[in-house]
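*Asks:* Take a look at the following structure, please.
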Amino acid sequence: MNTTQFIIYSENDVKKIAENIALFQKKEYGVDINAKEIIDELMNKGRCDIAYTELDNEEGEIQVYIDFKNFRLVREITFCELPFPMMIKEVQDLESIEEMILESESLNFDELVSCIVDYDELNIEELKSLTL
């Protein structure tokens, strides 16, 4: 059975999320980004990139973004140095606009880009079978 979920939010809710992201980016990267630019990204692109880092020895990268259309926090971990390229996508579903606001208030770079996957321990043959 399919269900439809409606999430109602106000302009102030979107503004609060954008302001929180702008504060995080100023604190973490030292850049002043206008909250209006972030609002435009959230409303027009449906997402806003919030964190990025490369893995040790440039083995890959981690990109984190807020998916406003689907109410999610998404972490994409891309490995480049395995026998074949691979991306792991971790998705944290956010149930409400209030939860998204709370999540945006507590953004922490180290937590956002933490990689708990040890690629040396990945079973490459098992992964190949999943991708074919």
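We did not get these values from a lab; they are worked out from the coordinates using the rules stated. Since we're looking at a predicted model, the values are computed, not measured. Quick reminder, even Gly has a Cβ in these numbers, built from the backbone with ideal geometry, and neighbours come from all protein chains shown.
*Asks:* Tally Lys/Arg at +1 and Asp/Glu at -1 over every other residue whose Cβ is under 10 Å from the Cβ of LEU107; what's the total?
*Replies:* Values: positive: LYS27; negative: GLU28, GLU103, GLU105, GLU111.
Here the count lands on -3.
*Asks:* Further question: Give me the Kirkwood hydrodynamic radius of the stretch 12-117 in Å, from all C-alpha pairs, to one decimal place?
*Replies:* Values: mean 1/r = 0.0698 Å⁻¹.
Every distinct Cα pair counted, the radius reaches 14.3 Å.
*Asks:* Please compute the length gained on full extension between ASN34 and ASN12, using 0.36 nm multiplied by the number of residues separating them and subtracting their Cα-Cα distance.
*Replies:* Separation in residues times 0.36 nm, less the Cα-Cα distance, equals 6.4 nm.
*Asks:* Step through the table entries LYS16/LYS89; LYS15/LYS69; LYS15/LYS36; LYS16/LYS69, compare each Cα-Cα distance with 18 Å, and write down the pairs that go over it. Show your work: numbers first, answer last.
*Replies:* Numbers: LYS16/LYS89 26 Å; LYS15/LYS69 15 Å; LYS15/LYS36 8 Å; LYS16/LYS69 16 Å.
The answer is LYS16/LYS89.
*Asks:* Just to confirm a number: summing +1 for Lys and Arg and -1 for Asp and Glu over residues other than ILE62 whose beta-carbon lies under 10 angstrom from that of ILE62, what do you get?
*Replies:* On the way: positive: ARG75; negative: GLU54, GLU61, GLU76, GLU90.
Result for the local shell: -3.
*Asks:* Under a Cβ-Cβ cut-off of 10 Å, what is the net charge of the residues other than ALA51 that fall near it, where Lys and Arg count +1 and Asp and Glu count -1?
*Replies:* Working: positive: ARG75; negative: GLU28, ASP49, ASP110, GLU111.
Net local charge, ALA51 excluded: -3.
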